[in-house]
Ligand code: SF4
Ligand code: SF4
Ligand code: SF4
């Protein structure tokens, strides 16, 4: 029943959101006025249902392959020189962690459920925070939050400085060197590259489709719908199974809500953690700190300028290509 309600709500929300998303994209706005966070598009991930088949991972890779970076090699000199090359282009097959070429990974946890040893598998990707620090603190306005709550990084504007990763409580965004705006501005210098992460298949949603990972899952692990409904469903399941939820309050609340048959402290202990392998720790609201809010306000004008420069270069490149073909 939840799936049916969620799908209807998703399609309704998706259609309603499409026009505003398109407007946001065309204006390049970092954030637009829109629905209340309770109506943001959220997903419920029911960990009990996942069988670890990785159909979702394959679907994500296939669907988003055209968005993956194609770096120019050899890399020019790195600027600033302290920045290390981050090159995943020869390791595109890696699936056991997040990379610029793998935006969804499956974690494994060996735990006891009601006294019985159980192997759980858990899909991990961007949490799509309600108030995302990666968006609010990006110095260049490259990370954006769409009206329906999705956060995405615009590869045409991103300079790969990793601020989004530094401020993300789960270190989600992943950097690829040798691509991006920097090479257009100063072709002899590599710069940092571009940051990549799950964009919630915003373009599929814009067209009224489900995100690829949800559509491909044979077990119906993920349910998508308005955040308040998703949280209500998660709480109802947690009550029923005496389980736990994660994402309702973490980092001030996210648009990804996990429900688990065991406490998240146990899952956090059991999963393989590290770069590209997110934790399940408690997370305070990082944007509640006054200094972060002040920083967000200070960078706003810079972000606007950077966005305008990015759009100008993209436009010029398109015109250049068109002239080249004529
Ligand atoms: S999980 Fe990290 S990358 Fe994703 S929206 Fe939150 S801060 Fe941004
Ligand atoms: S929502 Fe789209 S981009 Fe994000 S993990 Fe799923 S398939 Fe990949
Ligand atoms: S496709 Fe579904 S069942 Fe398979 S790994 Fe992904 S979430 Fe789990």
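When residue 119 is tested against (1) more than 16 Å from ligand 2 (Cβ to nearest atom); (2) surrounded by fewer than 24 Cβ atoms within 10 Å (Cβ to Cβ); (3) in a loop (DSSP other than H, G, I, E, B), only condition (3) is not met. Of the residues making up the stretch 171-201, just one is closer than 28 Å to residue 225 by Cβ and surrounded by fewer than 22 Cβ atoms within 10 Å (Cβ to Cβ), namely 171.
Part of a helix (DSSP H, G or I) and in contact (Cβ under 8 Å) with a residue 12 or more places away in the chain: does that describe residue 62? Judged against the criteria, residue 62 is a match. Quick one: is residue 299 modelled with pLDDT under 95, part of a helix (DSSP H, G or I) and surrounded by 18 or more Cβ atoms within 10 Å (Cβ to Cβ)? So residue 299 fits the description; yes. Each residue in the stretch 122-147 was checked for being away from ligand 2 (no atom under 16 Å from the Cβ), modelled with pLDDT of 95 or more and at positive phi, and 0 of them qualify. Whether a residue is more than 16 Å from ligand 3 (Cβ to nearest atom) and within 24 Å of residue 130 (Cβ to Cβ) was assessed, and residue 184 does not pass this test.
Reported count of residues in the stretch 95-109, each being in contact with a helix residue (DSSP H, G or I) (Cβ under 6 Å, 6 or more places away or on another chain) and farther than 28 Å from residue 202 by Cβ, is 1.
Only one of the listed residues (204, 235, 200, 239) is part of a helix (DSSP H, G or I), at pLDDT 95 or above and within 16 Å of ligand 2 (Cβ to nearest atom). That residue is 204.
Just checking, how many residues over the stretch 122-135 are in contact with a helix residue (DSSP H, G or I) (Cβ under 8 Å, 6 or more places away or on another chain), within 21 Å of residue 243 (Cβ to Cβ) and in a strand (DSSP E or B)? So the answer is 2.
Based on this model, can you work out whether residue 138 counts as in contact (Cβ under 8 Å) with a residue 60 or more places away in the chain, out of contact with any strand residue (DSSP E or B) (no Cβ under 7 Å at 6 or more places or on another chain) and within 16 Å of ligand 3 (Cβ to nearest atom)? Considered against the rule, which asks whether it is in contact (Cβ under 8 Å) with a residue 60 or more places away in the chain, out of contact with any strand residue (DSSP E or B) (no Cβ under 7 Å at 6 or more places or on another chain) and within 16 Å of ligand 3 (Cβ to nearest atom), residue 138 comes out as no. Looking only at the stretch 74-94, decide whether some residue is surrounded by 13 or more Cβ atoms within 10 Å (Cβ to Cβ), in contact with a helix residue (DSSP H, G or I) (Cβ under 9 Å, 6 or more places away or on another chain) and at pLDDT 95 or above. Yes, because at least one residue in the stretch 74-94 is surrounded by 13 or more Cβ atoms within 10 Å (Cβ to Cβ), in contact with a helix residue (DSSP H, G or I) (Cβ under 9 Å, 6 or more places away or on another chain) and at pLDDT 95 or above.
The values are calculated or read from the model by the stated rules, or taken from the named source; none is laboratory data. Please read all numbers here as calculations on a predicted model, not as lab measurements. Reconstructed Cβ throughout: ideal geometry from the backbone, glycine too, with neighbour counts over all protein chains shown.
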